[in-house]
Amino acid sequence: MDASKPAKAVKEAVEAATEALTDGPATEVPGAPGSAPPPLTEPTAAQEPLPPKREQGAPETRTPTGAPTGAPAVACGQQGAYLTTAQGARLRDTDHSLKAGPRGPVLLQDHHLREKITHFDHERIPERVVHARGAGAHGVFVGYGTAEGLTRAGFLGKGRKTDVFVRFSTVLGSRGSADTVRDTRGFATKFYTDEGTFDLVANNIPVFFIQDAIKFPDIIHAGKPHPDREIPQAQSAHDTFWDFVSLHTEAQHHTIWNMSDRGIPRSYRMMEGFGVHTFRLVNAAGETALVKFHWKPALGVHSLTWEEAQLLGGVDPDFHRRDLYDAIEAGAFPEWELGIQVLPDTPEETFAGIDLLDPTKIVPEELAPVQPVGRLTLNRTPTNFFAETEQVAFHVGHLPPGIDVTNDPLLQGRLFSYVDTQLTRLGGPNFSQIPVNRPHAPVNDMLRDGFHQHAVHAGVAPYRPNSLDGGNPFPAGDGENAFVDVPVRVAEAPKVRANPVSFDDHFSQARLFWLSMTDVEREHIVRAYTFELGKCYHQAIRERQLQCLANIDPVLCAQVATGLGLPAPEPTVPLADVTPSAALSQLGRDWPTDGRTVGIVVDAGADHGGLDEVRQAVFAAGMVPLLIAAHGGTVAGLPVQRTFATARSVEFDALLLAGAPAPAPDALPARDAKAGAADSPAVDPRVLLLVEECWRHAKAIGGWGPGTAVLRRVGVTDTPGVVTGEAATEVFGDVRQLLAAHRCWERFPASVG
């Protein structure tokens, strides 16, 4: 490292740490809470703070006005070996208040007590109204250069590297809700470009519930818990949601996406992202094009089963954030390709009869292919969740030169709403000076003072024009790459509260989505509608939504009506003649298996031939093996990560059986409900349940040696996706191939055609 260039040295150190994570396959199971193992007894010798874990990162150290400081990231954390006040005075005790004698009253002069309690009382900030439940990570974006003819935005140039911070989230739930609820997911990316910050605020569903931002409070109030009881939390299976979407039928397209498997993603790493709105690109010659942004996950788009999602809500409500952070720690860095659909910028702002300003419509990829323009890799977890993930502030109006907005009425309202939200959440207008929000471009904005002003501005003339500060700051001309508001001609028209006629079609694209699904995916959509509407109290709401489904597709309506025990109504509008889009289905391809979790059931009292070899093979394949045994400790010298009491099928993408363990001493229904009836089977009943659940959730299962006896006992041998054999590594090889398709859906033939 070049010590004369500290900022460069820090950047090189971070890159070196990142490379260390990918230096060969991982050989340790992720999830250790700290960077060093704890001693058995309390440490008493003073020592400096431990360094962050190797996969952790932090915002690049910048001044409030965007200049690199050269300080390492740890310089922003706690310093020194001794406990101090907020002002740096060392303290000898923090366990006892200052009192008038051991039994006397606490004294008002106890400044340490007051400081400690006051700060604690104010630790929380208001959670986001929507997207409150989230997880974030640092990474890097590398441009391909394929968009250089379309936009002046420099970060898309060939080989250009840009630091990013990404926050994933659910929409409806509170900060304490579960990750795996059926809901829309946010996918917000902050690009720290050298031309200014660009926030691409995306969702995992390409359309929105509403067409105009003025209705945003309505849909969120309808989806949130009922105001009288504050239930149900983080779900749409209740009357107010279905009351709104059945009356406000422009929401039907988004709703059918939410009722599909897209509403319960397997992980953030296997989730598509969409910018929803149409944006405008402008190149160096001033030429414009309209675009829609897409994030395509390298691992493919995969989902949980509905039963898995429900189990995880209790077993591991943090499943998605744990999966994200464990994958990064294991070196299985999540990756996405950024792509754009390029559309001509015509006065009508339509394409193939689709209104590009309507956020409830997509442009099928068969009509406008997604063109890759860069690659995103997440390679560092936050060092401090609150400082980074909670305080990161996104705004659709954070745009670099070369990208501009359109007149989409939902987008226009969001341009106002995001800034307004940050003023309340983050305590004032200087939220851009919080480290995670600081730009990586020079800032000279003439904005002064206010709550939480961290910059120390010089000069006496924060206005223009001025001569006292030498005229600084100066406006940028055409040669200085200034942001340009594209001079789009606005058509002469009266002021009205109305939408164009093209916004009135509320069913054709919902029908397009339904007809583009495979039979398996249609089964899941029917089940979701049936469950959600079955949770509604009022039959009138169910009947009203069935009418909407009839206008989408009679088969869909009839199947849901049967599940609800209601007659299927006839359509009230002509059914749209649409061409299915294969790009909308999640199934039908093979994908990388990086970062998947493989459970391996072992019998502590049996032969363990091939166990170490198959464990190493899982690591070498970029996956994480978790040994499951009757109790903790080691088996054959290998560490046990899960016990029969703590393991549940939802943790694993595939299951391997290396043994047929007899019931353990704690396999008692009174002690572990998973043990079932006390009939002393030959195999621990919790292992049988593990196999049954994995089979029911269409997961790949493999067994060798004694493990095949377990599969025979459950009765799943010779069924699709179940592999048996004598050689452990060969069985795993077959299971790995099955994992590329994520599920073995052929195990359960669909009945909806």
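The values are calculated or read from the model by the stated rules, or taken from the named source; none is laboratory data. Keep in mind that what you see is a predicted model, and the values were worked out from it rather than measured. Ideal geometry is used to build each Cβ from the backbone, glycine not excepted, and the neighbour counts take in all protein chains shown. Calculation scope for accessible area: heavy atoms of the full protein, side chains included, ligands and nucleic acids excluded. Shrake-Rupley method; radii C 1.70, N 1.55, O 1.52, S 1.80 Å.
Before moving on, here are some points about what is shown:
- The criterion of at least 3 residues that are of a type in the set (S, T, N, Q) is met, among strands (runs of 3 or more DSSP E) falling completely within the range 147-203, by 161-170.
- Just one of the numbered conditions (1) assigned to a loop (DSSP other than H, G, I, E, B); (2) of a type in the set (Lys, Arg); (3) under 26 Å from residue 415 (Cα atoms) is not true of residue 215: (1).
- Contact map, the range 473-494: first residue without any contact (Cβ under 8 Å) to a residue 60 or more places away in the chain, second residue part of a helix (DSSP H, G or I) and open to solvent by less than 100 Å² (accessible area, probe 1.4 Å), Cβ cut-off under 8 Å, separation 6 or more or different chains; the map is empty.
- Positions within the range 84-129 being in contact (Cβ under 8 Å) with a residue 24 or more places away in the chain, open to solvent by 100 Å² or more (accessible area, probe 1.4 Å) and within 30 Å of residue 172 (Cα to Cα), in sequence order: 119, 129
- Flag if residue 199 is out of contact with any strand residue (DSSP E or B) (no Cβ under 9 Å at 6 or more places or on another chain), among the charged types (D, E, K, R) and in contact (Cβ under 8 Å) with a residue 24 or more places away in the chain: no
- Subset of the range 692-730 (residues that are of a type in the set (Lys, Arg) and assigned to a loop (DSSP other than H, G, I, E, B)): 699
- Residue match in the range 676-691 (condition: touching a Gly at 6+ places or on another chain (Cβ under 7 Å), in a strand (DSSP E or B), over 17 Å from residue 702 (Cα atoms) and open to solvent by 10 Å² or more (accessible area, probe 1.4 Å)): no
- Residues of the range 564-582 that are under 32 Å from the mean Cα position of the chain (by Cα) and surrounded by 15 or more Cβ atoms within 10 Å (Cβ to Cβ): 578, 580, 581.
- Flag if residue 49 is modelled with pLDDT of 90 or more and open to solvent by less than 90 Å² (accessible area, probe 1.4 Å): no
- Search result, residues across the range 639-658 that are crowded, with 16+ Cβ neighbours inside 10 Å, out of contact with any Pro (no Cβ under 9 Å at 6 or more places or on another chain) and in a strand (DSSP E or B): 642, 643, 654, 655
- All positions within the range 365-386 that are hydroxyl-bearing (Ser, Thr, Tyr) and either in a loop (DSSP other than H, G, I, E, B) or modelled with pLDDT under 95 (or both): 383
- Answer residue from the range 224-263, given it is within 16 Å of residue 360 (Cβ to Cβ) and free of Cβ contacts under 8 Å to residues at least 40 places away in the same chain and is surrounded by the most Cβ atoms within 10 Å (Cβ to Cβ) among those: 244
- Residues in the range 469-486 that are closer than 29 Å to residue 207 by Cβ and either out of contact with any strand residue (DSSP E or B) (no Cβ under 9 Å at 6 or more places or on another chain) or loosely packed, with under 11 Cβ neighbours inside 10 Å (or both): 1 in all.
- Boolean, residue 78 is in contact with a Pro (Cβ under 7 Å, 6 or more places away or on another chain), among the polar types (S, T, N, Q) and open to solvent by 40 Å² or more (accessible area, probe 1.4 Å): yes
For every residue, the table says whether it meets (1) open to solvent by less than 10 Å² (accessible area, probe 1.4 Å); (2) closer than 17 Å to residue 580 by Cα; (3) at pLDDT below 95.
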site: 508; (1), (2), (3): no, yes, no
site: 517; (1), (2), (3): no, yes, no
site: 528; (1), (2), (3): yes, no, no
site: 533; (1), (2), (3): yes, no, no
site: 536; (1), (2), (3): yes, no, no
site: 540; (1), (2), (3): no, no, no
site: 544; (1), (2), (3): no, no, no
site: 547; (1), (2), (3): no, no, no
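- Contact map, the range 563-582: residues that are within 30 Å of residue 367 (Cα to Cα) paired with residues that are assigned to a loop (DSSP other than H, G, I, E, B), Cβ distance under 7 Å, separation 6+ or inter-chain. Pairs shown: 573/507; 576/507; 581/364; 581/365; 581/366.
- Matching entry among 311, 290, 299 (being open to solvent by less than 20 Å² (accessible area, probe 1.4 Å) and either part of a helix (DSSP H, G or I) or more than 27 Å from residue 377 (Cβ to Cβ) (or both)): 290
- Residue ID - farthest from residue 327 (Cα to Cα), chosen from residues in the range 594-619 that are buried (at least 18 other Cβ atoms within 10 Å of the Cβ) and of a type in the set (D, E, K, R): 603
- Single unsatisfied condition, residue 590 versus (1) open to solvent by 60 Å² or more (accessible area, probe 1.4 Å); (2) at positive phi: (2)
- The single condition among (1) under 37 Å from the mean Cα position of the chain (by Cα); (2) touching a residue at least 60 places away in the same chain (Cβ under 8 Å); (3) open to solvent by less than 20 Å² (accessible area, probe 1.4 Å) that residue 661 does not meet is (1).
- One residue stands out among those in the range 314-328 that are over 13 Å from the mean Cα position of the chain (by Cα) and surrounded by fewer than 23 Cβ atoms within 10 Å (Cβ to Cβ): the one that is farthest from residue 597 (Cα to Cα), which is 314.
- Taken over the range 454-495, the residue count meeting the criterion of being closer than 24 Å to residue 399 by Cβ, part of a loop (DSSP other than H, G, I, E, B) and charged (D, E, K, R) is 3.
- In summary, residue 632 fulfils each of the numbered conditions (1) closer than 14 Å to residue 707 by Cβ; (2) assigned to a loop (DSSP other than H, G, I, E, B) with the single exception of condition (1).
- Qualifying positions in the range 452-464 - in contact with a helix residue (DSSP H, G or I) (Cβ under 9 Å, 6 or more places away or on another chain) and open to solvent by 50 Å² or more (accessible area, probe 1.4 Å): 452, 453, 454
- Tally of residues being surrounded by fewer than 18 Cβ atoms within 10 Å (Cβ to Cβ) and among the small types (Gly, Ala, Ser) across the range 339-380: 2
- Among the residues listed as 389, 424, the single one being hydroxyl-bearing (Ser, Thr, Tyr), part of a helix (DSSP H, G or I), under 22 Å from residue 186 (Cβ atoms) and open to solvent by less than 30 Å² (accessible area, probe 1.4 Å): 389
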